Amino acid sequence: MSIEITSPTQTQMANAIRALSMDAVEAANSGHPGMPMGMADVATVLFTKFLKYDPKAPKWPDRDRFVLSAGHGSMLIYALLYLTGYDSPTIGDIKNFRKLGSPCAGHPENFHLEGVETTTGPLGQGLATAVGMAMAERHLAARFGDDLVDHHTYVIVGDGCLMEGISHEAISLAGHLQLGRMIVLWDDNEISIDGPTSLSVSDDQKTRFIAQGWHVQSVDGHDPKAVEAAIAAAKIDPRPSMIACRTVIGYGAPTKGGTSGAHGSPLGKDEIAATRAALGWPYEPFDIPADILNAWRKAGERGAQARADWTARHAASGDSATFDSAISGTLPANLGAEINALKASISTAAKPVATRKASEMALDVVNRVVPITIGGSADLTGSNLTKTKDQAPMTAADFSGRYVYYGVREFGMSAAMNGLALHGGVIPYGGTFLVFTDYARSAIRLSALMKQRVVYVMSHDSIGLGEDGPTHQPIEHLASLRAMPNLYVFRPADAVETAEAWELALEATETPSVLALTRQNLPILRDNHTDENLSARGGYELRAASAPARVTLMATGSEVEIAVKARDLLEAAGIPARVVSMPCIELFDKQDKAYRDQVLGRGTLRVSIEAAATYGWDRYVGEDGMMFGIDSFGASAPIQDLYRHFGLEPQTIVDAIRKRV
């Protein structure tokens, strides 16, 4: 008599995700079991039948990208990575879910696990980041061809992702660019932490996506064949696709399934026992039967042949070396020499120029020398001066362009730039006004957390923008950005420092940068050229005292000019004074103590001058120092009147100093 051996069903494979999720959350005594349990069927179809990946080569450039925008359901991705055969996480890591030192953090973090393409958790940002990934794929395909670049970006979003305002910016941009390789799977379970979504939202999400140019379908998220058919249809439609997957949150849990009770807390031992019975899963916690685990591991092996085929095409391509250079993000060897040539020409011409214009001058060099930069602006191109003459726009008809008109979508732009950087092959930069970093801040924070080289070109950096008034005049923004870990905030004093800031921002492969730039013209203070990038030390002596200094004036940006004039007035009054330019406090703080003490002028009266909040400058001037800044909101007036009103004129500063010296 023969014995028929049957393979595990898709539902049994999905139940492995459900079991690992509820067991890990229970062991941690915190977490979100409901979403992974509800989307397990959808994820199983995606990872066993569609997603192009190879756990043995997790950084393979032409892999599909998978983004779990609903990052609170992190056990979904952890279970999938383990089951499909990634080296990490191990089952031990999953048992230590949410514990210190485990790569299975509360929300997925790209720097802990290969296979996690982006850090998610702040809802909606995963969706917007995925837009950037899809843009990068189309751009690189236009440059290198489908033989080297031909993949999809899949995103699982929840109701919360679609409630967040950034979702509007993201789906609007994706629809406008017709990112047909982007497929969004919406976990349509009608439950939020507070209870039914009907408590707070009544949007018709499907109509919303259709209105923004998307291909939209609806399926039963627990019907694997329906999900499979929907994904197959999405892949052949030229538009970005959204599949509304109607699911039951906490699927299988007899009393908490379909309720907010399964959303953000452990199910509890009794409910888990009942769920095991309901699912027909009689196994111990964290125990995956060999036949089911083997089925998952075979699914993980599906991509090996596709990767081998790609490797052969890559080896035969005449573009392979250029492609590899782009993916690595390596800067051309001649960039430093080109920047130095620009610096020399600026010093020789000594023509006053706004640092936003100086940034454009630097970008003329950068975009010519570095072929992987992609610029953009949130509808302020003519103000930020982020587009250079050699850049064509990226459009739905031509993705080869290296400039993105992001529209008035500061947050969406910043998150998309994270996606561009994470995808690899490009270095993104984008502009808006410094005050609007408030809109973008959460994405900037993720740039820093994920160690991504993203450059934020933020012009109109102070009351120097004049008549637009306090709504547009940054005050607290510099201090706020400087408080963020792993973020360089550059505020250059002239065109030379601006060129140096661009060089440093591009060289910072694991740190994003903010360039705070002026609207108004500034004189060239560095009129004696040196190849050394003085800004690399964060702060340096720009003007020495004529005798042992009694006063050290330290300033950034447009106020360095004021400090130089104040220094000259003090010298004329017989008070030796020196000027320190501090273009990047974060880099200055990395210098050794001896250098910092020398630059700060220990033993002198230390004075800070910055047209922004004085918060933080006490670290450098000390208890007995003086701080000149603005600790109130600005005002609408011409620039000269504003600087006079806020006491930021050389003579006013000198008069106050002379009372102390």
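Size of region 350-398 from its Cα atoms: along the principal axes, largest to smallest, the extents are 42, 25, 13 Å. A helix-only calculation puts the chain at -12500 deg cm²/dmol for mean residue ellipticity at 222 nm, using -39500 (n - 2.57) for each DSSP H run of at least four residues, averaged over all residues.
Figure note: T471, T381 ranked by solvent-accessible area, largest first, 1.4 Å probe, ligands and nucleic acids not counted: T471, T381. Taking amide H as placed 1.01 Å from N in the peptide plane, the amide H of Y540 sits under 5 Å from that of S581, each at least 5 places away or on another chain. Based on Cα contacts under 8 Å between residues 6+ apart, the chain shows a relative contact order of 12 percent. Rounded to the nearest 10 square angstrom, I236 shows an accessible area of 140 square angstrom against a 1.4 Å probe. Placing +1 on the Cβ of every Lys and Arg and -1 on the Cβ of every Asp and Glu, with no other charges, gives region 514-580 a dipole of roughly 180 debye about its Cα centre.
Heavy-atom accessible surface of the chain, averaged per residue, reaches 37 Å², computed with a 1.4 Å probe. At q = 0.10, 0.22 Å⁻¹, work out log10 I(q)/I(0) for region 478-588 with the Debye formula, treating every Cα as an identical point scatterer and leaving solvent out; two decimals please. The computed values of log10 I(q)/I(0) come out as -0.29, -1.17. Using the Cα coordinates of region 613-661, the gyration tensor eigenvalues translate into equivalent-ellipsoid semi-axes of 22, 15, 6 Å, sorted from longest to shortest. When every Cα-Cα distance of the chain is counted in 10 angstrom steps from zero, the calculated P(r) takes the values 3, 15, 23, 21, 16, 12, 7, 2, 0, 0, 0 percent. Identify all lysines with a Cα-Cα distance to K590 below 30 Å; exclude those on the same chain that are fewer than 8 residues away in sequence. Here the lysines satisfying the reach criterion relative to K590 are K343, K357, K451, K565. Of the two radii for region 1-105, the radius of gyration is 1.01 times the Kirkwood radius, both from the alpha carbons; that is the Rg over Rh value. At R0 = 30 Å, how high is the FRET efficiency between A232 and E507 if r is their beta carbon distance? Nearest 0.05 is fine. With a Förster radius of 30 Å, E is 0.10.
The aspartates and glutamates whose alpha-carbon is closer than 19 Å to the alpha-carbon of K593, local same-chain residues fewer than 8 away aside, are E541, D618, E623. Only Cα sites of region 69-146 enter the Debye sum here, all with the same form factor; the resulting log10 I(q)/I(0) across q = 0.28 1/Å is -1.24, listed in q order. The dipole here belongs to region 263-390: it is taken about the Cα centre, uses +1 on the Cβ of Lys and Arg and -1 on the Cβ of Asp and Glu, and is about 580 debye. Each 10 Å bin from zero up to the one holding the largest Cα-Cα distance in region 29-83 carries the following percent of pairs: 21, 54, 22, 3. Positive-end ranking of A142, A573, A312 along the dipole of the chain, with charges on Cβ about the Cα centre, is headed by A573. Solvent-accessible area assigned to carbon and sulfur over the chain amounts to 51 percent, based on a 1.4 Å probe. Return the FRET efficiency for the residue pair D631, A344: r is the Cβ-Cβ distance, R0 is 51 Å, and the value is rounded to the nearest 0.05. It comes out at approximately 0.80. Considering only Cα atoms, the convex hull volume of region 556-661 works out to 105 Å³ per residue.
Max-minus-min Cα coordinates of region 481-545 on each principal axis give 33, 27, 23 Å, with the largest extent listed first. Rounded to the nearest 0.05, the FRET efficiency derived from the C-beta distance between S218 and A397 at R0 = 35 Å is 0.70. Normalised by the residues of region 404-529, what does the relative contact order come to in percent, with Cα pairs under 8 Å and at least six apart? Across region 404-529, relative contact order equals 27 percent. Working from label points 7 Å from Cα in the Cα-to-Cβ sense, the R602 to S30 distance is 4.2 nm. Across the protein chains, with a 1.4 Å probe defining accessible surface, the residues E410, E532 rank E532, E410 from largest area downward. The accessible-area ordering, largest first, of the residues R567, R526 stands as R567, R526, per a 1.4 angstrom probe. Each of P352, S260, G280 was placed along the dipole of region 236-375 (beta-carbon charges, centred on the mean Cα), and the one lying farthest toward the positive end is P352.
Amide H contacts for I374 (H built 1.01 Å from N in the peptide plane; partners 5 or more residues away or on another chain; cut-off under 5 Å): I427, Y429. Size descriptor for region 269-426, Kirkwood hydrodynamic radius: 20.7 Å (Cα pairs only, one decimal).
A crude spin-label estimate for the pair R644 and R619, with each label 7 Å from Cα along the Cβ direction, gives 3.6 nm.
Taking a point 7 Å out from the Cα of D203 in the direction of its Cβ, the residues of region 93-125 whose backbone N falls within less than 18 Å of it are 121-125.
Per-residue SASA remark: I91, around 50 Å² accessible (1.4 Å probe; ligands, DNA and RNA not included). Note on region 129-233: Cα Rg divided by 2.2 N^0.38 Å, N the number of residues, gives 1.18.
To the nearest 10, the accessible area of E164 is 90 Å² with a 1.4 Å probe. Assuming charge only on the beta carbon of Lys and Arg (+1) and of Asp and Glu (-1), the dipole of the chain about its Cα centre is about 780 debye to the nearest 20. Which listed residue (S198, F97, P240) has the Cα farthest towards the positive end of the charge dipole for the chain, taking +1 on Lys and Arg C-beta and -1 on Asp and Glu C-beta about the Cα centre? Projecting each Cα onto the dipole axis, the largest value belongs to F97. Where the alpha-carbon atoms of region 257-337 are placed on the principal axes, they occupy 67, 34, 21 Å, in descending order.
The values are calculated or read from the model by the stated rules, or taken from the named source; none is laboratory data. No experiment lies behind these values; they were computed from the predicted model shown. In this analysis, Cβ positions are derived from the backbone assuming ideal geometry, glycine residues included, and neighbour counts consider all displayed protein chains. Accessible surface is based on the protein model in full, side chains and every heavy atom, while ligands, DNA and RNA are left aside. Shrake-Rupley method; radii C 1.70, N 1.55, O 1.52, S 1.80 Å.
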